[in-house]
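The values are calculated or read from the model by the stated rules, or taken from the named source; none is laboratory data. All values derive from a computational prediction rather than experimental measurement. Cβ placement follows ideal geometry from the backbone for every residue including glycine, while neighbour counts extend to all protein chains displayed.
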Amino acid sequence: MEQAVIHSPLGPLTLFAEDNRLIALVFGNYGGYDDIPLFREAQRQLEEYFSGQRRTFSLPMNPEGTDFQRRVWGALMEIPYGAPISYRDLAARVDVPKAFQAVGQANGKNPIPILIPCHRVIAANGTLGGYSGGLERKRFLLELEGYVCKPAPKKPRLQTGGSIGF
């Protein structure tokens, strides 16, 4: 397995490849500086994406997962740049409309975030939902694509004061 670290506005990203196909992208510096054409091309495409010049990626990828996960990840690739959809919508796109929680779990196990744009899936109420790379990174990616993120709903505060008589 080859790996290389590239730098991005989100911090270092470590790319992993086998048989000249990307198998993972991990947030953080996990070492490795294999200099192969695939990593140079991935770095070029990611730089274009972060500078607003690229909307889709064309890199050979082979994410490891179940057939269901791979089906979900394939559907993620079809979500247009800057146009997030809900987990429920994603479930309908993979023909399991009532299994939006399972779709959400498959989305969260995406081993190649950004390139397979799992950040484009949000909660039905328009808030961010979750993201394996953290919500600040998800917000950054969505806003980079021109989407205006909704603030998370405020949690109700408990009333304090008063006394309980015993």
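The residues on offer are 32, 52, 74, 28, and the sole one that is on the phi > 0 side of the Ramachandran plot and out of contact with any strand residue (DSSP E or B) (no Cβ under 7 Å at 6 or more places or on another chain) is 52. When every residue of region 28-39 is checked against the conditions, at least one turns out to be outside the structural domain of residue 107 (by TED's automatic domain parsing) and within 18 Å of the chain's Cα centre (by Cα).
Being surrounded by 12 or more Cβ atoms within 10 Å (Cβ to Cβ) and out of contact with any Pro (no Cβ under 7 Å at 6 or more places or on another chain) is a property that holds for residue 44. Scanning region 68-102 for residues that are surrounded by 13 or more Cβ atoms within 10 Å (Cβ to Cβ) and among the charged types (D, E, K, R) gives 70, 71, 88, 89, 93. Taking region 1-59 and the strands (runs of 3 or more DSSP E) fully enclosed by it, the elements with 3 or more residues that are under 26 Å from residue 83 (Cβ atoms) and touching a residue at least 60 places away in the same chain (Cβ under 8 Å) are at 21-27.
Being more than 24 Å from residue 54 (Cβ to Cβ) and in a loop (DSSP other than H, G, I, E, B) is true for just one of 106, 124, 91. Which residue is that? Just a single option satisfies the conditions, and that option is 124. Every listed requirement among (1) within 30 Å of residue 19 (Cα to Cα); (2) among the aliphatic types (A, V, I, L, M); (3) not in a helix (DSSP H, G or I) is met by residue 72 save one, (3). Being under 20 Å from residue 137 (Cβ atoms) and among the small types (Gly, Ala, Ser) holds for only one residue in 74, 52, and it is 52.
Considering only residues in region 130-153 that are of a type in the set (D, E, K, R) and part of a loop (DSSP other than H, G, I, E, B), the one that is surrounded by the most Cβ atoms within 10 Å (Cβ to Cβ) turns out to be 145. On the given criteria, is residue 69 under 25 Å from residue 122 (Cα atoms), touching a residue at least 12 places away in the same chain (Cβ under 8 Å) and within 17 Å of the chain's Cα centre (by Cα)? It is true that residue 69 is under 25 Å from residue 122 (Cα atoms), touching a residue at least 12 places away in the same chain (Cβ under 8 Å) and within 17 Å of the chain's Cα centre (by Cα).
Residues in region 76-88 that are of a type outside the set (Lys, Arg) and in a helix (DSSP H, G or I) were compared, and the one that is nearest to residue 58 (Cα to Cα) is 76.
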